[in-house]
Amino acid sequence: MTSEYSPSDRPSASHLRLLKRLTEAVSVSGNEGEVRAIVREQVEPYADELQVDALGNLLVMRKGRSPNRLRVMLAAHMDEVGLMITAIDSDSTLRFEPVGWIDTAQLPGKPVWIGKERLPGVVGAPPIHLFTPGDLTRRVEITEMRIEIGAQSKEEAQRKVKLGEQVAFASKFTHLGSTIRAKALDDRLGVATLIEIVQHMPPEIDLLAAFTVQEEVGLRGAQVAAYRMEPDLAIVVDCTPARDLPTWDGEENMQYNTRLGEGPAIYVADRMTIGDPRLLRLLIQTAEQEGIPHQLRQPGGGGTDAGAIHLSRSGVPSISLSVPARYAHSPAGFASIADWRATVCLLYATLRRLKPSILKRP
Amino acid sequence: MKSLIRKLVEAYGPPGREDAIRDIVADEIRENVQSIEISPMGSLHAFVNKGGKRRVMLAAHMDEIGIIISHIDQRGFARFQPVGNVDLETLRGQGVRFPGDIVGVFGVDLERSREKPPRIGDFFIDFGADGKQSCPVDIGDFGVFDRPFLDLGRRLVAKSLGGRIGVAILMEVIRQLPETPHELQFAFTVQEEVGRRGGTTSAYMLDPEIGIAVEVTATGDTSSKRKLAVVLGKGPAIKVWDSRMLSDPYLIRHMAIVANETGIAYQMDVLQSGDTDIPCIQLTRAGVSWGCISIPARYRHTPSEMVDYRDVEEAVRLLLEIIKRPMDFGEEDKDQVKQSRVS
């Protein structure tokens with residue numbers, strides 16, 4: 001029955017409900033429990049084996065039915081960037097440090113959720129009414145910023161917040177016609193993709209799905225997940241920035257990374273990985289033959305879980321595939337629903353074509 | 001050996017696209033080795049005397065620095081990103097080659113670079129195309145320096161010598177292979193220039209006890225200010241340390257003793273630089289006794305790397321002498337350590 005499945009290029013209501021749950025869940029690196037619980041609920045009925053490893057990765061194994069199956073690792077990371085409370089000041093405000101890569105200039109004025117209880121707070125900022133001329137051009141350092149939670153005293157703040165608690169952007173999922181707006185699209189879009197693949201798995205492979213932790217702080221979960229899984233090859237599904245808006249001076253935009261609406265971004269090379277050329281060819285061929293929109297991500301910087309996976313043990317042929325999103329690592333990312341659906345379609349069609357001969361060298 | 005070096009350095013092999021080099025190596029060495037395997041990453045492993053006394057890995061990397069196309073602009077110029085440690089200063093006026101005999105030249109947007117040194121975004125590749133449609137390359141294509149091999153007699157000049165001279169040396173060792181008590185694991189590795197990715201995965205796969213890399217090292221003989229003792233023409237250099245690694249002192253001493261006994265001139269290589277964030281083969285699995293024979297080279301990571309041919313020949317001779325002999329170095333000291341632990 002599963003072999004009859006073919007993913008739809010249009011989103012269903014249940015797709016959007018799942019994306020809403022996943023993006024509104026809070027899972028800053030190191031504390032991925034909320035997303036893990038959703039993933040577990042979604043995939044457990046389908047898994048032949050399921051385990052949570054020492055770091056918190058959720059690892060799912062599902063056996064295929066065809067003879068001579070490759071062991072294919074798919075990875076998507078459950079964590080998101082955020083902040084961590086590092087001190088409570090005598091005036092009851094909270095100091096913090098970034099967890100993962102955040103443009104701190106984006107922080108002032110943003111509402112946040114603190115800790116498991118989602119205590120509401122705001123990153124304080126001076127009102128523009130009271131700006132001195134110098135304030136407009138000066139970059140505010142993170143050490144000058146504070147989170148306010150409306151506590152009247154240091155003691156009250158200490159009762160409500162503990163040092164080391166994590167902070168997430170307080171953003172609700174919004175469906176805006178052909179796009180969605182949410183925090184943590186990086187990489188809940190990948191997580192949603194993998195959930196769907198586990199549920200409707202192609203019979204041609206043995207599926208090793210890794211929902212990883214701590215990607216945003218250095219691909220840590222993926223490293224140990226790959227060591228345990230020992231796959232024949234790996235495909236990482238992530239979310240990559242689209243910087244495709246016009247330039248301020250009207251010059252040609254030559255560093256857009258990806259463009260919204262042009263389909264999943266296939267990686268030739270980023271800073272940490274050179275995509276396996278055989279898998280690169282297969283992804284492009286599959287997209288062309290199936291008529292699935294796709295684009296090549298501009299080679300250059302960045303990195304995905306593939307950076308750790310491809311160096312595991314004797315090496316793992318690996319490639320990454322990303323859904324493009326504008327305003328990554330901010331409270332409000334923008335992604336095209338069609339790009340996400342095309343990502344699921346391309347991944348599924350590619351998995352169906354994976355045979356051991358793909359790894360033969362001439 | 002010079003014709004082999006020419007063939008290797010003129011071939012195309014940026015990181016992740018080493019197929020042409022691997023084919024050259026496999027064709028040349030196949031007859032002289034017991035078996036050949038290709039790692040999942042694409043490194044070529046050749047085995048001699050499997051099951052021998054010590055598992056000795058001898059490694060050189062096949063790849064070279066290059067560029068990768070990131071955008072074709074409206075005028076038909078190709079924009080690019082570096083692959084490996086590319087010095088932008090070396091690009092102006094330089095040719096760049098792609099598979100299928102496609103060649104272009106690097107240009108710089110002069111308007112932008114008049115004030116400050118040009119940045120990567122100011123550079124482009126001009127293929128003589130009329131516009132975007134006639135540009136012969138596409139996003140994701142890898143290019144390498146277009147530079148023929150120069151034989152200056154004692155000195156050799158080429159692109160890609162940084163890895164390929166090691167490849168040539170190991171191939172020559174295989175051609176002249178002596179009787180050896182050891183299992184020799186020749187590893188021609190991939191993706192060194194982007195962070196030693198093929199070397200570490202090969203080391204895991206081969207699980208050697210002892211390893212020797214053959215690479216190039218910087219010299220101090222072109223500047224009175226650079227305090228580097230290594231010079232061209234005074235023999236291969238035994239690496240003591242760089243920023244990544246302290247070589248196994250027992251292996252250093254062993255290589256020096258062999259050189260002294262056989263009258264091979266050598267230098268000591270103390271390189272106070274190098275990337276520190278890239279993995280080190282020494283730390284593979286439970287650890288490997290690791291060392292390096294460095295070929296002194298000027299103008300590294302440029303299209304005109306220069307080595308001295310005598311250093312190359314002597315490195316071959318030194319390696320042949322090393323693999324002939326037992327490698328029980330350090331055993332006495334290690335026994336002492338064991339005993340002291342017991343008592």
Give just the number: which of (1) more than 14 Å from every other protein chain (Cβ to nearest Cβ); (2) farther than 26 Å from residue B:88 by Cβ does residue B:159 not satisfy? (2)
Within the range A:318-342, restricting to residues that are in contact with an Asp or Glu (Cβ under 8 Å, 6 or more places away or on another chain) and of a type in the set (A, V, I, L, M), the one that is surrounded by the fewest Cβ atoms within 10 Å (Cβ to Cβ) is A:338
Output yes when any residue across the range A:331-343 is more than 30 Å from residue A:83 (Cβ to Cβ), within 14 Å of chain B (Cβ to nearest Cβ) and of a type outside the set (Ser, Thr, Tyr), and no when none is. no
For the range B:102-113, name all the residues that are farther than 18 Å from residue B:303 by Cβ and of a type outside the set (Lys, Arg). B:109, B:110, B:111, B:113
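One line per residue, one yes/no per condition, for (1) outside the structural domain of residue A:190 (by TED's automatic domain parsing); (2) over 21 Å from the mean Cα position of the chain (by Cα); (3) buried (at least 21 other Cβ atoms within 10 Å of the Cβ); (4) closer than 22 Å to residue A:210 by Cα:
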| position | (1), (2), (3), (4) |
| --- | --- |
| A:270 | no, no, yes, yes |
| A:274 | no, no, yes, yes |
| A:277 | no, yes, no, no |
| A:283 | no, no, yes, yes |
| A:287 | no, yes, yes, no |
| A:292 | no, yes, yes, no |
| A:298 | no, no, yes, no |
| A:301 | no, no, no, no |
| A:305 | no, no, yes, yes |
When (1) of a type outside the set (Asp, Glu); (2) crowded, with 24+ Cβ neighbours inside 10 Å; (3) within 14 Å of chain B (Cβ to nearest Cβ); (4) within 22 Å of residue A:244 (Cβ to Cβ) are applied to residue A:309, the one that fails is (4)
Of all residues in the range B:189-236 being away from chain A (no Cβ under 14 Å), touching a Pro at 6+ places or on another chain (Cβ under 9 Å) and outside any loop (DSSP other than H, G, I, E, B), which is surrounded by the fewest Cβ atoms within 10 Å (Cβ to Cβ)? B:218
Looking only at the range A:259-301, count how many residues are more than 11 Å from chain B (Cβ to nearest Cβ) and part of a loop (DSSP other than H, G, I, E, B). 10
Selection from the range A:240-258 of residues that are without any contact (Cβ under 8 Å) to a residue 12 or more places away in the chain, polar (S, T, N, Q) and within 11 Å of chain B (Cβ to nearest Cβ): A:253
From A:47, A:25, A:54, residue being surrounded by fewer than 23 Cβ atoms within 10 Å (Cβ to Cβ), among the small types (Gly, Ala, Ser) and under 20 Å from residue A:115 (Cα atoms): A:25
Could you pull out the residue among A:7, A:67, A:45 that is more than 24 Å from residue A:320 (Cα to Cα), outside any helix (DSSP H, G or I) and not β-branched (Val, Ile, Thr)? A:67
Any idea which of (1) touching a residue at least 12 places away in the same chain (Cβ under 8 Å); (2) outside any loop (DSSP other than H, G, I, E, B); (3) among the small types (Gly, Ala, Ser) is the one residue A:357 doesn't satisfy? (1)
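Before we move on, is residue A:232 closer than 30 Å to residue B:206 by Cα and within 14 Å of chain B (Cβ to nearest Cβ)?
Details: closer than 30 Å to residue B:206 by Cα: yes; within 14 Å of chain B (Cβ to nearest Cβ): yes.
Yes, satisfied.
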Residue A:248 fails exactly one of (1) closer than 21 Å to residue A:310 by Cβ; (2) outside any strand (DSSP E or B), namely (1)
Considering residues that are among the hydrophobic types (A, V, I, L, M, F, W, C), touching a helix residue (DSSP H, G or I) at 6+ places or on another chain (Cβ under 7 Å) and not in a loop (DSSP other than H, G, I, E, B), the number found within the range A:317-337 is 5
I'd like to check which helices (runs of 4 or more DSSP H) are fully inside the range B:1-115 and have at least 2 residues that are surrounded by 18 or more Cβ atoms within 10 Å (Cβ to Cβ), among the small types (Gly, Ala, Ser) and more than 14 Å from every other protein chain (Cβ to nearest Cβ). none
If you go through the range A:72-116, how many residues are part of a strand (DSSP E or B) and either more than 30 Å from residue A:196 (Cβ to Cβ) or among the β-branched types (Val, Ile, Thr) (or both)? 16
For residue A:351, state whether it is within 11 Å of chain B (Cβ to nearest Cβ), crowded, with 19+ Cβ neighbours inside 10 Å and in a helix (DSSP H, G or I). no
Identify, by number, the condition in (1) among the charged types (D, E, K, R); (2) touching a residue at least 60 places away in the same chain (Cβ under 8 Å); (3) out of contact with any Ser or Thr (no Cβ under 7 Å at 6 or more places or on another chain) that residue B:64 doesn't meet. (3)
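The values are calculated or read from the model by the stated rules, or taken from the named source; none is laboratory data. Computed from a prediction, not measured in an experiment: that's the story for all the values here. Backbone-built Cβ (ideal geometry, glycine too); neighbour counts: all protein chains shown.
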